[in-house]
Amino acid sequence: ELNGYAYYTRYQEEQEYPIICRKALQEDAPEEIMLDGNKMAEGLAFFHIGSWQVSPNNKLLAYTIDTVSRRQYHVHVKNLETGELLVDDISNTSGDITWANDNRTLFYTRKDEVLRPFQIIRHVLGLEENTDEVVYEEQDSTFDTFVFKTKSNKYLVIGTESTLSSEYRILEANDPMGEFRIFQPRRDNIEY
C-alpha cells in the first residue's frame, strides 16, 4: 500500500510477462492496469521491465524497459489518467529511477562503457535528454552509484558502494534543483 493505492503484479495463464496494476484503497475500486508486459513485448525478441515509480501525485508512472538483453534500460513516462506516453525517452540507464516531490523532476542512473552505474542525472519532464544535468559522478571505478527516496519521502539519497565501503549524499525531495550534500562519507572497510 502506498499513497492511497494497493499495487500488485499478476500474470495471465500462458502469457510470459507481468501485468502491473493498482487499485485505490476504497471498496469496489476498479483495477487499473499500469503496464501490460505482454502487449508491450509484442514483436520484440527480448523484453524486460526493470523498475517503475509512481509520481507523488499518483498521476504519472516512470518505468524502465530493456529490449536488447544488456540491462541497459530506457526510461519512459506514462500519464496514468489518460494512458498516453509522454515524449520523455531516456536511454542507457541502469533502470534506477526516483521522483522528486514536484511531480516533474526525475533522477536516474547512467552506465559507463563497461556498464557500471556511475552518474546520477536530473531530468525535467518535457525537456530533451541532452539538457539533463549530471548531479553526481563516481570517479572510482570500484564503486557503483544509485539513487532513491527515503520512506518518509523527505529526502532524495545518492548512494555509492564498493565491496567493503559505502557513502551517502542527501537532498530535500521538495528542492530537486538544490545540491546534494554528503551525509556519510566513505571510509575503507566500513559499510553504512
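The values are calculated or read from the model by the stated rules, or taken from the named source; none is laboratory data. Keep in mind the model is a prediction, meaning the values are calculated, not measured. In this analysis, Cβ positions are derived from the backbone assuming ideal geometry, glycine residues included, and neighbour counts consider all displayed protein chains. Side chains are part of the model used for accessible areas, which takes the heavy atoms of the whole protein and leaves out ligands, DNA and RNA. Shrake-Rupley method; radii C 1.70, N 1.55, O 1.52, S 1.80 Å.
Just name the residue that is surrounded by the most Cβ atoms within 10 Å (Cβ to Cβ) out of those in the range 84-108 that are at positive phi and modelled with pLDDT under 95.
First, the residues of the range 84-108 that are at positive phi: 92, 95, 103.
Subsequent filtering for residues that are modelled with pLDDT under 95 retains 92, 95.
Details: ASN92: 16, GLY95: 22.
Restricting to residues being at positive phi and modelled with pLDDT under 95, the top hit is GLY95.
Read through the list (1) touching a Lys or Arg at 6+ places or on another chain (Cβ under 7 Å); (2) buried (at least 18 other Cβ atoms within 10 Å of the Cβ); (3) under 16 Å from ILE97 (Cβ atoms), then give the number of the only condition that GLU133 fails.
Only one criterion in (1) touching a Lys or Arg at 6+ places or on another chain (Cβ under 7 Å); (2) buried (at least 18 other Cβ atoms within 10 Å of the Cβ); (3) under 16 Å from ILE97 (Cβ atoms) is unmet by GLU133, namely (2).
Take the residues in the range 43-76 that are open to solvent by 60 Å² or more (accessible area, probe 1.4 Å), outside any loop (DSSP other than H, G, I, E, B) and in contact (Cβ under 8 Å) with a residue 24 or more places away in the chain, then tell me which one is nearest to SER91 (Cα to Cα).
By that ranking, first place goes to TRP52.
If we scan the range 167-174, do we find a residue that is without any contact (Cβ under 8 Å) to a residue 12 or more places away in the chain and open to solvent by less than 30 Å² (accessible area, probe 1.4 Å)?
First pass over the range 167-174, keeping only residues without any contact (Cβ under 8 Å) to a residue 12 or more places away in the chain: none.
For the range 167-174, residues without any contact (Cβ under 8 Å) to a residue 12 or more places away in the chain and open to solvent by less than 30 Å² (accessible area, probe 1.4 Å): absent.
Would you mind stating whether THR82 is among the β-branched types (Val, Ile, Thr) and either closer than 28 Å to PHE118 by Cβ or touching a residue at least 40 places away in the same chain (Cβ under 8 Å) (or both)?
Numbers: among the β-branched types (Val, Ile, Thr): yes; either closer than 28 Å to PHE118 by Cβ or touching a residue at least 40 places away in the same chain (Cβ under 8 Å) (or both): no.
No.
Can you tell me how many residues within the range 1-42 are among the aliphatic types (A, V, I, L, M), at pLDDT 95 or above and not in a loop (DSSP other than H, G, I, E, B)?
Result for the range 1-42: 8.
Of a type in the set (Gly, Ala, Ser), open to solvent by less than 60 Å² (accessible area, probe 1.4 Å) and not in a strand (DSSP E or B): does that describe GLY178? Give the derivation first.
Numbers: of a type in the set (Gly, Ala, Ser): yes; open to solvent by less than 60 Å² (accessible area, probe 1.4 Å): yes; not in a strand (DSSP E or B): yes.
Here the answer is yes, as GLY178 does meet what is asked.
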